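The values are calculated or read from the model by the stated rules, or taken from the named source; none is laboratory data. Bear in mind the structure is a predicted one, so any value in this text is a computation, not a measurement. Note: ideal-geometry Cβ built from the backbone for every residue, glycine included; neighbour counts use all protein chains shown.
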Amino acid sequence: MQHQLSLYNTLSRTKEKFEPINPGIIGLYVCGPTVYSDVHLGNCRTFISFDLIYRYLLHLGFKVRYVRNITDAGHLEGDRDEGDDKFAKKAKIEQLEPMEIVQKYTLGFHEVMTVFNTLPPSIEPTATGHICEQIEMIKRIIANDFAYEVNGTVYFNVEKYNEKFPYGQLTNRQLEDLISNTRELDGQDEKRGRLDFALWINAKAETLMKWPSPWGWGFPGWHIECSAMSSKYLGDTFDIHGGGMDLQATHHTNEIAQSQACNHTAPVKYWMHTNMLTVNGVRMSKTAGNGFLPGELFTGNHPLLEKGYSPMAVKFFMMQTHYRSTLDFSNEALQASEKGYARLMNAIKTMDSLKTSNTSTSNISELKKNCYEAMNDDFNSPILVANLFEGARIINSVNDGKESITADDLNTLKILMHTYTFDVLGLKSEHSNTTTDKALQGVMEIILDIRKDIKAKKEFEASDKLRDNLNKIHITIKDTKDGATWSIQE
Ligand code: AMP
Ligand code: ZN
């Protein structure tokens, strides 16, 4: 295992040395999507960031159980504690069964995750598949006196909890502040305290997705599913819990309270939060209406898009910003990433035909060290990418005869570039296997062969014209002592 990994823990607001609870084994839980509509690119950013984290932990040799849930029940509108079940609402509009909607968008989500070449989690539990576990957890929270029932709805008693354990640690907020920033109870409210939130919600006659419970027919509150499923699969205290930053203040704060109130222990050692994808500085969201669907991005079929971008160019664009910084969408940035991605892929291809020498002009071990240091420093992918570009520069320089490399160093460089580009960043080549690319390869071989014949006949004007015309369509021909080569200009 290489070097020591540090990561930023939201709980302590510092970068900490990463020490798993059990040596060599990691429990990782990430809040998954709510499957009542298509995932937008913002959601994808969070899942792609955790894919990078998962991939690097695997690369370091850890055995990782990665749990990412599917929220398919009880996710509410408004302040998320009141109103109709979102799945039931959408079902009524579309005249579908709620589980038909869940199925449609779950499949869509998986498709998008595959297109972005992310690894599937080890377990992908659904909220509807864990109603019993959620009910059991709520029963224990009531038994421990941190929750109460009113008319078939169960609420978590935040003020009572705060007498024993600090509520709001994750955002470093005091209860008094939080209370003063919340609206007053209006007298009609069943809650005892302004911050109290629902663990179980009483079903109305028209609610479609409901289950029997000790408190009558109802459905679970949104936060309880993650507490119940994470403890079931990873234990009462596990290593890493992740999600988007927007989940920190309410969802994750309440997860901590529920788990602590139920199991008498803090559930998570390291909390990790990814920053938001924004469009013109505004967070991408379903409600803001500024969300591109991944499909729109690939085809370019959206008013904000100048053209379509390939999935790997989009992924590379995401990797060039650290997961804790905001990432603002722009056509210029995507076009730069498209070029950068092509440069990296071309250099990796060129590596196969490099000639070696007795000496190396660049320090490849230093480059390797820098790659590990970048990722060990809280998964700093932009610095890693800068180092991979340095690798690409060395490869091109050696190819142009301006630098040299030994066979051993070339071997180290090959492993380094492949491991980090494909295994850790999770990129893949988009060009080598298509029918069009194979055809282009064949056509270029024929053209270079014809040009060789023309040159042999000393018809240099014709051979130069061929080279110049190819150059006009961004194909570069290089004459070397071993014959001509071609490449596409970036
Ligand atoms: P949801 O389906 O709304 O529960 O969101 C699924 C995941 O996407 C959560 O971890 C959110 O924090 C995350 N997310 C939502 N909007 C964005 C955004 N604009 N940028 C990055 N992550 C986001
Ligand atoms: Zn969650």
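Scan the stretch 23-45 for residues that are farther than 25 Å from residue 58 by Cα, away from ligand 2 (no atom under 16 Å from the Cβ) and in a strand (DSSP E or B) and jot them down. If the condition is that a residue be farther than 25 Å from residue 58 by Cα, away from ligand 2 (no atom under 16 Å from the Cβ) and in a strand (DSSP E or B), then no residue fits. Against the conditions (1) surrounded by fewer than 15 Cβ atoms within 10 Å (Cβ to Cβ); (2) closer than 27 Å to residue 8 by Cα, residue 415 satisfies every one except (2). Does residue 292 satisfy the condition of being touching a helix residue (DSSP H, G or I) at 6+ places or on another chain (Cβ under 7 Å) and part of a helix (DSSP H, G or I)? No; evaluated as a whole, the condition is false for this residue.
Of all helices (runs of 4 or more DSSP H) completely enclosed by the stretch 152-236, which ones contain at least 2 residues that are farther than 21 Å from residue 137 by Cα?
Working: elements: 158-164, 175-180, 222-234.
The helices (runs of 4 or more DSSP H) meeting that bar are 175-180.
The residues of the stretch 128-172 that are free of Cβ contacts under 8 Å to residues at least 24 places away in the same chain and more than 24 Å from residue 201 (Cβ to Cβ), listed by number, are 163, 164, 166. Mind checking which residues of the stretch 448-482 are under 25 Å from residue 401 (Cα atoms), under 45 Å from the mean Cα position of the chain (by Cα), of a type outside the set (D, E, K, R) and in a helix (DSSP H, G or I)? 448, 470, 471 - these are the residues of the stretch 448-482 that are under 25 Å from residue 401 (Cα atoms), under 45 Å from the mean Cα position of the chain (by Cα), of a type outside the set (D, E, K, R) and in a helix (DSSP H, G or I).
Right, residue 476: among the hydroxyl-bearing types (Ser, Thr, Tyr), without any contact (Cβ under 8 Å) to a residue 24 or more places away in the chain and not assigned by TED's automatic domain parsing to the domain that holds residue 118 or not?
Yes.
Quick check: is even one residue across the stretch 242-253 surrounded by fewer than 24 Cβ atoms within 10 Å (Cβ to Cβ), more than 14 Å from ligand 2 (Cβ to nearest atom) and more than 21 Å from the chain's Cα centre (by Cα)? No.
Would you confirm whether or not the stretch 286-296 contains a residue that is in contact (Cβ under 8 Å) with a residue 12 or more places away in the chain and within 13 Å of the chain's Cα centre (by Cα)? No, there is no match, as no residue in the stretch 286-296 is in contact (Cβ under 8 Å) with a residue 12 or more places away in the chain and within 13 Å of the chain's Cα centre (by Cα).
Among the residues of the stretch 418-447, which ones are assigned to a helix (DSSP H, G or I) and surrounded by 15 or more Cβ atoms within 10 Å (Cβ to Cβ)? Steps first, answer last, please.
Residues of the stretch 418-447 that are assigned to a helix (DSSP H, G or I), as a first pass: 418-424, 435-447.
Across the stretch 418-447, the qualifying residues are 420, 421, 422, 424, 440, 444, 447.
Scanning the stretch 172-188 for residues that are exposed (fewer than 15 other Cβ atoms within 10 Å of the Cβ) and at negative phi yields 174, 176, 177, 180, 181, 182, 183, 184, 185, 186, 188. Each residue in the stretch 258-275 was checked for being surrounded by fewer than 19 Cβ atoms within 10 Å (Cβ to Cβ) and either within 13 Å of ligand 2 (Cβ to nearest atom) or aliphatic (A, V, I, L, M) (or both), and 1 pass.
Tell me yes or no: at least one residue of the stretch 425-438 is closer than 23 Å to residue 476 by Cβ and of a type in the set (A, V, I, L, M). No, every residue in the stretch 425-438 fails to be closer than 23 Å to residue 476 by Cβ and of a type in the set (A, V, I, L, M).
This table checks each residue for (1) touching a Ser or Thr at 6+ places or on another chain (Cβ under 8 Å); (2) over 23 Å from residue 160 (Cβ atoms); (3) free of Cβ contacts under 8 Å to residues at least 40 places away in the same chain.
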residue	(1), (2), (3)
225	yes, no, no
240	no, yes, no
244	yes, yes, no
250	no, no, no
253	yes, no, no
256	no, no, no
260	no, no, no
267	yes, no, no
275	yes, yes, no
